[in-house]
Amino acid sequence: MLAQGPERSAQLSAHGATLRSWLDSAVQAVPPASRERAAEVAQVASNALAPHAEAVRRICHRLHPVFAPTIAAATPHVEHAAKWCNQHMAALEPWQLVLLTAVATLVAARLLRGLRSAVRTLQDKGWSQLVAGFLLDLPLVRGRVAREQASLAAKVREDLRKKAAAGGAPPALRALPRSGSAPNDVKRQLKYKEAEDMRFADGDSRVSGTVYMAGAVHKQLLSEAYAMFTLTNPMHSDVFPSVRKMEGEVVAMTASILGGGPSGDPGVCGSMTSGGTESILTAVKASRDYMAAKRGITEPEMVVAVSAHAAFVKAAEYFKIRVIKLPVGADYRLSAVTVRGAIGPNTVLVVASAVGFPHGVMDHVEDIAKVTRRRGIPLHVDCCLGGFVLPFARKLGHRVPSFDFSVPGVTSISTDTHKFGMAHKGTSVVLYRSSDIRRHQFTSITDWTGGLYISPGFAGSRSGALIATAWASLVHMGEEGFMVAAETMMKSAQQFIAGVEAIDGLEVVGQPEMTVVAFKASRRGLDIYKVNDLLSQAGWHLNALQRPAALHICLTAAHSQGIVQLLLRDLKEAVQTVLQDPQGKGDGEGMAPLYGMAATVPDRRIVSQFLVAYQDALLEAM
């Protein structure tokens with residue numbers, strides 16, 4: 001039982017004397033030099049904190065008149081509650097008190113965990129989405145929504161079937177043929193399928209991005225390189241040492257233009273992946289595991305801008321990382337000030353873009369790196385678009401702030417050889433400041449009955465032929481080739497920017513650093529998505545953006561200045577058409593209705609479910 005009155009005071013005094021004796025003994029056990037050093041550190045800390053302590057005292061003094069009445073009113077109730085607790089606890093045995101304390105602690109911890117989860121959900125989704133989600137989950141509403149979704153999915157499948165039938169191709173194969181076909185028959189079937197695709201002549205691309213290379217000689221070289229190494233697999237490096245060497249050389253060549261290599265940081269290393277998304281996933285996974293090993297973080301968080309590539313959200317879903325999404329500034333760039341306020345004890349990675357996919361502008365990498373370096377947090381720079389343009393654009397005299405491993409604090413970079421590196425689709429490079437981080441992307445298994453196993457990334461077997469095409473592209477282009485390509489593409493981008501600015505009703509989004517140019521409506525009543533639908537009817541394929549509503553085009557070596565001029569002409573006509581008839585509904589088959597719906601629906605699950613239905617239909621044999 002708990003002691004009361006004088007007896008309790010005597011016990012407390014005895015315990016206090018014992019505690020002081022223990023502390024005195026502990027202090028005496030410390031060497032004199034260490035005690036002096038500790039005293040010096042304490043004095044320095046005291047001097048540093050003194051101004052802040054004085055400021056806190058002043059604030060408390062000012063707030064005292066505000067809170068004093070409340071404290072005075074609450075004091076009797078607190079004392080009454082304490083007295084009630086003492087009376088009811090006095091009859092308990094010590095083991096009962098210990099058990100009760102443990103149970104209460106566990107319950108409180110569970111409640112706090114639930115409260116924290118609720119707060120995080122509110123922060124991540126917002127009130128409007130939570131309320132809308134609650135309403136849509138009501139039984140009466142949920143059934144109707146499910147029926148509408150089923151109807152929508154059926155419509156999507158039917159539309160795709162009609163388009164497939166209109167192409168005149170043979171019926172889709174739904175089972176493995178009983179007998180094989182002769183080579184000429186296979187080629188004939190492939191010709192039917194090829195006829196459904198867009199054709200690309202050099203300089204005549206009507207598509208944003210997608211096709212990045214130009215030149216018949218370059219394309220033929222890559223096709224021949226693929227054929228030479230078609231059977232190779234870098235997983236079997238003892239059988240195919242050539243592709244192992246080429247992968248290392250591709251990584252080294254890429255590092256040399258991004259602040260690594262002989263003229264930069266020689267510790268920069270990396271590996272090849274199947275594309276930008278895999279490079280991003282690989283870097284996120286490696287950074288998460290690196291911070292788990294270094295700081296023991298078990299509830300990881302990743303700080304990204306709302307303009308960061310969608311692959312970072314995919315990585316967060318795969319690797320159970322909470323995403324802290326930050327707004328960009330009026331210049332559409334992520335700032336260091338915004339990042340500083342979002343970093344917490346569980347942050348395992350901060351992401352910056354150079355350039356960002358939506359608007360083609362670069363985040364404030366140098367300033368952000370100062371923040372992350374000071375806090376000891378990895379900083380990944382996504383250069384999937386800019387990696388093979390920005391270094392050469394800078395040499396040509398264009399405005400390109402520092403963004404690569406020349407910036408202290410940048411720990412990893414992703415860049416695509418199959419985009420502006422002008423290689424075949426299916427190759428990218430992920431780079432790290434040092435092998436200390438890279439080793440966390442590896443998977444090593446030592447107790448498998450199949451033997452000792454080590455894999456550098458997500459894939460086991462990989463195509464050595466694609467590695468060979470990336471190697472062939474970089475060696476064929478060389479620095480001079482990339483300089484010429486960058487100069488041509490930058491001129492096309494400047495031409496397009498000037499043309500957009502000359503169109504009444506449009507404005508360029510931000511100040512693009514390279515060849516990704518976004519534009520939006522500058523006049524009320526101009527629906528940029530309807531403009532996009534008219535461009536699509538004219539044979540153009542631009543990317544639709546949201547928040548804000550805009551379009552963008554990624555200009556590549558496949559866009560000549562002549563095709564850019566043709567696009568500007570059609571763009572001007574489309575803008576004039578929409579301005580003359582703002583309510584025009586067109587044929588109802590475009591993207592304007594979808595993006596209009598997406599902008600007004602608070603519960604993003606509805607939009608997500610439409611996308612899932614569309615993806616399901618795309619994967620069906622039609």
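FYI, it's all coordinate maths here, none of it is from the lab. None of the values given here were measured: they were computed from a predicted structure. Ideal geometry is used to build each Cβ from the backbone, glycine not excepted, and the neighbour counts take in all protein chains shown.
Based on the alpha carbons, how large is the Rg to Rh ratio for region 222-477 when Rh follows Kirkwood?
On the Cα set of region 222-477, Rg over Rh gives 0.97.
With viscosity set to 1.567 mPa s and temperature to 4 °C, compute the Stokes-Einstein D of region 417-546, Rh being the Kirkwood radius across alpha carbon pairs; µm²/s, no decimals.
67 µm²/s
Highest mean first, what order results for 331-338, 199-206, 114-121 on Cβ atoms within 10 Å?
Descending mean neighbour count gives 331-338, 199-206, 114-121.
For region 247-370, what does the relative contact order come out to in percent, with C-alpha contacts under 8 Å and a separation of six or more?
21 percent
Using a Förster radius of 51 Å, what is the FRET efficiency between Thr443 and Ala74 based on their Cβ-Cβ separation? Nearest 0.05, please.
0.35
Which whole-number percent of Cα pairs in region 302-397 have a distance greater than 17 Å?
Above the 17 Å cut-off, region 302-397 has 48 percent of its Cα pairs.
Assuming a viscosity of 1.002 mPa s and a temperature of 20 °C, what translational diffusion coefficient in µm² per second does Stokes-Einstein assign to the chain, Rh being the Kirkwood radius over Cα pairs?
Rounded to a whole number, D works out at 72 µm²/s.
Quick check: Cα centre of region 263-301 to Cα centre of region 497-523, how many Å?
Rounded to whole Å, the Cα centres lie 35 Å apart.
Let me have the relative contact order for region 293-341, percent, based on Cα pairs under 8 Å that are six or more residues apart.
About 37 percent, as a whole number.
On a 28 Å Cα-Cα criterion, which of the cross-link pairs Lys285/Lys419; Lys155/Lys520; Lys325/Lys370; Lys162/Lys572 come out too long? Intermediate results must be reported in sequence, preceding the final value.
Working: Lys285/Lys419 23 Å; Lys155/Lys520 31 Å; Lys325/Lys370 20 Å; Lys162/Lys572 32 Å.
Table pairs above 28 Å Cα-Cα are Lys155/Lys520; Lys162/Lys572.
Would you mind pulling out the separation of the Cα centroids of region 54-118 and region 534-585, in Å?
Computed from Cα coordinates, the inter-centre distance equals 63 Å.
Could you work out the relative contact order of the chain, using alpha carbon pairs under 8 angstrom and six or more residues apart, expressed as a whole percent? Provide the component values of the computation, followed by the final result.
Values: 822 pairs, mean separation 101.3, N = 622.
Result for the chain is 16 percent.
With only alpha-carbon atoms in the gyration tensor, what are the semi-axes of the equivalent ellipsoid for region 335-455, in Å, largest first?
Values for region 335-455, descending: 28, 22, 11 Å.
Filter the chain for me: DSSP H helices, axial length by Cα at least 20 angstrom, mean Kyte-Doolittle hydropathy not below -1.0. List them by residue number.
On the way: long enough: 5-29 (37 Å, -0.35); 32-89 (51 Å, -0.19); 94-125 (46 Å, 0.56); 139-166 (41 Å, -0.51); 241-256 (23 Å, 0.02); 276-295 (28 Å, -0.34); 464-501 (45 Å, 0.61); 561-580 (29 Å, 0.37); 604-618 (21 Å, 0.35).
Within the chain the helices that satisfy the rule are 5-29, 32-89, 94-125, 139-166, 241-256, 276-295, 464-501, 561-580, 604-618.
Using 7 Å Cα-to-Cβ label points, what is the Leu122/Ala502 separation (nm, one decimal)?
Rounded to a tenth, the inter-label distance reads 5.4 nm.
Pairs Lys425/Lys530; Lys219/Lys491; Lys191/Lys245; Lys193/Lys219: which are spaced more than 27 Å apart, C-alpha to C-alpha?
Where the Cα-Cα span goes over 27 Å, the pairs concerned are Lys425/Lys530; Lys191/Lys245.
Give me the number: length gained by fully extending Arg399 to Gln220, i.e. 0.36 nm times residue separation minus the C-alpha to C-alpha distance, one decimal in nm.
The Arg399-Gln220 span can extend by a further 61.0 nm.
With both partners inside the chain, how many of the DSSP beta bridges are antiparallel, as a percent to the nearest 5?
Roughly 60 percent of the DSSP beta bridges within the chain come out antiparallel.
So how far apart, in nm, are the two label points at Arg547 and Arg569 if each is 7 Å from Cα heading toward Cβ?
The two pseudo-label positions are separated by 3.9 nm.
Which value in deg cm²/dmol, rounded to the nearest 500, describes the helix-derived mean residue ellipticity at 222 nm for the chain, given -39,500 (n - 2.57) per DSSP H run of n ≥ 4 and division by the residue count?
Mean residue ellipticity, 222 nm, calculated: -18500 deg cm²/dmol.
For the ranges 282-290, 534-542, 216-224, what's the packing order if you count other beta-carbon atoms within 10 Å of each residue, average per peptide, and put the highest first?
282-290, 534-542, 216-224
Given points 7 Å out from each Cα along the Cα-Cβ axis, report the Met198 to Arg113 separation in nanometres with one decimal.
5.1 nm
Calculate the all-directions average of the projected area of region 147-290's alpha-carbon convex hull, and give it in nm².
Computed as one quarter of the Cα hull surface, the answer is 16.3 nm².
So which GluC sites (Glu not before Pro) in region 120-208 end up in coil per DSSP with only 16 or fewer other C-beta atoms within 10 Å?
Qualifying residues, ordered by number: Glu196.
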